[in-house]
Amino acid sequence: MRNDIIEYLQKEVYCRCKQPTNKFVIGCYYHIEAVVKNAEILAGKHGTDKEVVIIAAWLHDIALITDYAMYEEHHKYGADIAKEILNELNYDKKMALVQKCILNHRGSVKLKRNSIEELYVADADAISHFDSVPSLLYLAYVEKGMDIEHGVDFVRKKLERSYY
């Protein structure tokens with residue numbers, strides 16, 4: 001297990017979440033942290049490449065917290081950003097699988113998941129949406145300025161598409 005990389009990613013994600021340019025503010029860090037926790041539990045119980053799952057979990061929303069302009073395609077941009085970061089850290093042994101986990105993590109984008117690692121990162125992300133409803137409400141009402149009705153609909157649909 002490359003704990004040095006995992007510790008670096010945790011710090012890097014935290015720093016990016018605290019940047020004033022991060023539209024999702026620090027709440028996104030807690031979401032990502034919950035994804036990592038859920039991913040560790042899934043990987044630990046069902047025997048898979050835990051290192052890949054944890055690294056991908058830390059990086060699955062890296063594009064979102066880097067630049068809001070990447071929001072709609074953050075799974076694609078995130079896979080590219082992950083490659084850049086992991087190259088700098090000399091992690092190439094399983095980089096392609098980490099990138100696939102990031103590319104295929106979204107419930108709202110119907111891409112095929114070919115490995116158990118991809119499935120676990122996507123499931124960990126979906127589970128975390130239920131763990132962090134207050135962050136979704138903040139996103140709807142504060143960041144997006146929605147009224148009550150539209151905010152409820154936004155959060156409900158987000159939770160519904162977490163599993164397809």
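Miscellaneous remarks
- Only the Cβ atoms of Lys and Arg (+1) and of Asp and Glu (-1) were treated as charged; on that basis the dipole of the chain about its Cα centre amounts to roughly 300 debye.
- Calculated [θ] (222 nm, deg cm²/dmol) that DSSP helices of n ≥ 4 give over the chain, each run adding -39,500 (n - 2.57): -21000 deg cm²/dmol
- Mean separation of Cα pairs under 8 Å and 6 or more residues apart, divided by the residue count, gives the stretch 90-154 a relative contact order of 22 percent.
- Candidates per trypsin sites (Lys or Arg not before Pro) in the stretch 122-164, loop by DSSP, up to 16 other Cβ within 10 Å: K144
- Of E40, E51, E149, the one that fluctuates the most in a GNM where the chain has Cα springs shorter than 10 Å: E149
- Size estimate for the stretch 3-129 follows the Kirkwood approach: the inverse of mean 1/r over distinct Cα pairs works out to 14.1 Å.
- Listed residues Y120, Y141, Y77, most fluctuating in the chain (Gaussian network, C-alpha, under 10 Å): Y141
- Ascending count of other beta-carbon atoms within 10 Å, so fewest first, for C15, C28: C15, C28
- Among N114, N104, N90: highest mean-square fluctuation, GNM of the chain, C-alpha pairs under 10 Å: N90
- Long hydrophobic helices in the chain, taken as whole DSSP H segments with a C-alpha length of 18 Å or more on their own axis and mean Kyte-Doolittle hydropathy at least 0.0: 27-46, 116-131.
- Comparing G44, A57, A69 along the charge dipole axis of the chain, the residue lying farthest to the positive side is G44, per the Cβ-charge model.
- Each 5 Å bin from zero holds the following percent of Cα-Cα pairs in the stretch 114-161: 5, 22, 25, 19, 13, 9, 6, 3.
- Per-pair calculated FRET efficiency, R0 = 41 Å: N3 and Y68 via Cβ, rounded to 0.05: 0.85
- Separation of the K23 and N114 label points, Cα + 7 Å toward Cβ, nm: 3.2 nm
Read-outs: derived from the displayed coordinates by stated rules, not from any lab. Computed from a predicted structure; not experimentally measured. Positions of Cβ are generated from backbone atoms using ideal geometry, with glycine treated the same way; all protein chains shown enter the neighbour counts.
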